[in-house]
Amino acid sequence: MLPGFSQELMPKGREKESQAKIKRYMTMMDSMTNEELDSTNPKLMNESRIMRIARGSGRQVREVMEMMEEYKRLAKIWSKMKGLKIPTRGDMNMRSRNMNAQHMSKVLPPQMLKQIGGMGGLQNLMKQMGSAKDMMGMFGGGES
């Protein structure tokens with residue numbers, strides 16, 4: 001289960017269906033312009049654009065609308081996490097991890113926190129994110 005994804009998008013035990021839905025979303029996003037992908041302005045996505053995306057991706061308008069709703073929900077969650085600092089390996093002390101986990105536990109919906117495995121799972125996720133950030137730095141990506 002990926003943090004941030006709703007039960008409708010990624011239900012437990014139905015991974016193949018979830019993967020197919022994500023692939024459909026990716027196909028729809030491939031039919032979007034860079035301006036549409038980068039925009040945070042909901043007024044940009046008018047009816048004609050939504051119909052064009054549906055036609056271009058071979059999907060129905062309701063599927064494009066579903067993807068847009070999922071995006072709005074995720075954007076709301078991620079915007080609440082803006083001030084979160086992901087510790088690097090050098091700054092992986094227990095105190096900074098616990099403070100970030102406490103901040104995230106207040107931001108995340110209770111159902112999502114439960115999916116992650118509670119506070120223990122959240123702290124483990126923070127640890128993994130720090131490791132991934134360090135690995136990206138080795139390959140020239142991420143922040144140093």
Six or more apart or on different chains, Cβ under 9 Å: which pairs go from a residue in region 13-38 that's under 19 Å from Ile50 (Cβ atoms) to one that's at pLDDT 95 or above and assigned to a loop (DSSP other than H, G, I, E, B)? Could you list them? Arg24/Arg59; Thr27/Gly58; Thr27/Arg59; Met28/Arg59; Ser31/Gly58; Ser31/Arg59
Residue selected from region 34-50 under the condition over 15 Å from Glu66 (Cα atoms) and within 20 Å of the chain's Cα centre (by Cα), by the criterion surrounded by the most Cβ atoms within 10 Å (Cβ to Cβ): Glu36
Considering only helices (runs of 4 or more DSSP H) fully contained in region 51-121, which possess at least 3 residues that are at negative phi, exposed (fewer than 15 other Cβ atoms within 10 Å of the Cβ) and at pLDDT 85 or above? 61-80
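The values are calculated or read from the model by the stated rules, or taken from the named source; none is laboratory data. Since the structure is predicted, the reported quantities are computational estimates derived from the model, not experimental observations. Heads up, the Cβs are rebuilt from the backbone with ideal geometry, glycines too, and the neighbour counts pull from every protein chain shown.
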